[in-house]
Amino acid sequence: MSWRTDAALQFARHGLDMAKGAYPARWTAPVVSQARWSAQRAREWEAHHGVLVGCNFTPSTAGNQLEVFQDNTYDPETISRELGWAAELGMNSIRLFTHHLLHELPYFHDRLDEILAIADSHGIGAVLVPFDGCWRNTAKLGPQGNPVPGLHNSMWLQSPGKEILSDPRRWHTLRPYLDALMERFGDDRRIQVWDLFNEPNGPEADIRSAAAQKYRLGTRLLDVVFDWAQKSDPSQPLTAGVFVGASGAAERADPINRIMLGRSDIISFHSYKPRHRLVATIDHLSAYQRPLVCTEWMGRPNSPVDLIEVFAEKRVGCHIWGLVDGRTQTRYPWSSNWRRATPDTPWFHELLHRDGSPYDPREVETFMRGARLARNVSRDT
């Protein structure tokens, strides 16, 4: 199958998924749970942790997951400084991505332990993301180069990427990486959640270089990763976030949704939609009777900072994308993949400049007010 044919099929499938997911939520019933945890155990976890409020965290000095941990780019001073700012904003959680290639580095687990210790010193826990289906689909250890000027997340890496994803005979090579993570950190109080696989079959920015049949293979691999994680049986909940059709009949959309909704101990989702669509998503997913965490939101202008009020009032955890403008360049919009952004382009993600000053002081005040409300809600439950 040519890449053009596969690209057309992938986009057609995702388009159909979005159309099916736009049907009213009442048209479908919740997926039957296959999770390790009962809904009651999940609620007990929620009572202990409260409402998670945080960000998808990459220090401003790193452009991707490898740079966070590798020699020459590992920067605990910046990590501590920026997590201190996160704590001042009222955050109690970060969503932190790792990568399967890091398993080859003898110091990886010790550095992850140090980052968790730094976060904990600021009163912040972590949602760990071992696998990711977004952005660059090839990766190697070593120097990572520099960001492409004006391009959103130009350095970010898929894990596993197309070479392994395209060959199911190699999927078993990923298991030692996940097993080692869960053996070391599967009973660590600083880990709040295992968010197993970010957008496993998301469409590619450059479809010409995509893994063949990514739509189908990403779905299959997610199911396998859940199998591995359930056998490791960590003390923290497992999840993977719904990212297609979440505000409508999510179960009718991408088949991957039925895995995410059926196998997650707590329900997580992404929303870059306006207020009424976010409320619809929360109302729909509440039918699962499990804690809800929105692990990605806040993309100006459709998904503004003031939506934190919705999360706090409805007792739903939330992680904005990004914190400090840096090498990820996610201040630039997704559309920069087709039309390069410029330094004066209005910010899409991120709250803070590199010196800690706010992009918009009013937004920061709004976020802090919402974080306080979320903490008060947690204390009252």
Search result, residues across segment 216-243 that are in contact with a strand residue (DSSP E or B) (Cβ under 9 Å, 6 or more places away or on another chain) and outside any helix (DSSP H, G or I):
Pro234, Ser235, Gln236, Pro237, Leu238, Thr239, Ala240, Gly241, Val242, Phe243
Only one of these is surrounded by 22 or more Cβ atoms within 10 Å (Cβ to Cβ) and either more than 21 Å from Phe97 (Cα to Cα) or of a type outside the set (D, E, K, R) (or both): Val193, Val224. Name it.
Val193
Just to be sure before I move on: is His152 surrounded by fewer than 23 Cβ atoms within 10 Å (Cβ to Cβ), on the phi < 0 side of the Ramachandran plot and of a type outside the set (S, T, N, Q) in the structure I sent?
no
Counting just the residues of segment 320-352 that are of a type in the set (Val, Ile, Thr) and in a loop (DSSP other than H, G, I, E, B), which one comes out farthest from Gly299 (Cα to Cα)?
Thr342
Output the number of residues of segment 117-153 satisfying the condition of being more than 20 Å from Gln236 (Cα to Cα) and part of a loop (DSSP other than H, G, I, E, B).
21
Name the residue, out of Gly63, Gly54, that is under 19 Å from Thr328 (Cβ atoms), of a type outside the set (Lys, Arg) and touching a helix residue (DSSP H, G or I) at 6+ places or on another chain (Cβ under 9 Å).
Gly54
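Yes or no, residue by residue, for (1) over 24 Å from Met368 (Cβ atoms); (2) modelled with pLDDT under 95; (3) surrounded by fewer than 23 Cβ atoms within 10 Å (Cβ to Cβ); (4) of a type in the set (A, V, I, L, M):
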| position | (1), (2), (3), (4) |
| --- | --- |
| Arg252 | yes, yes, yes, no |
| Pro274 | no, no, yes, no |
| Asp283 | yes, yes, yes, no |
| Thr295 | no, no, no, no |
| Gly299 | no, no, yes, no |
Going by what's in this entry, would Arg290 be described as of a type outside the set (Gly, Ala, Ser), touching a residue at least 24 places away in the same chain (Cβ under 8 Å) and part of a loop (DSSP other than H, G, I, E, B)?
yes
Restricting to segment 106-124, name every residue that is of a type outside the set (Ser, Thr, Tyr), surrounded by fewer than 21 Cβ atoms within 10 Å (Cβ to Cβ) and under 21 Å from Ala374 (Cα atoms).
Asp120, His122, Gly123
Tell me the residue from Pro200, Pro143 that is surrounded by fewer than 21 Cβ atoms within 10 Å (Cβ to Cβ), of a type outside the set (Phe, Trp, Tyr) and either closer than 12 Å to His99 by Cβ or modelled with pLDDT of 95 or more (or both), please.
Pro143
Out of segment 253-284, which residues are small (Gly, Ala, Ser), assigned to a loop (DSSP other than H, G, I, E, B) and within 21 Å of Ala35 (Cβ to Cβ)?
Ala253, Ser264
What number goes with the only condition from (1) touching a Leu at 6+ places or on another chain (Cβ under 7 Å); (2) closer than 21 Å to Arg263 by Cα; (3) basic (Lys, Arg) that Arg190 does not pass?
(2)
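The values are calculated or read from the model by the stated rules, or taken from the named source; none is laboratory data. Being a predicted model, the structure only gives us computed values, none of them experimental. So basically every Cβ, Gly included, is an ideal-geometry build from the backbone, and we count neighbours across all protein chains shown.
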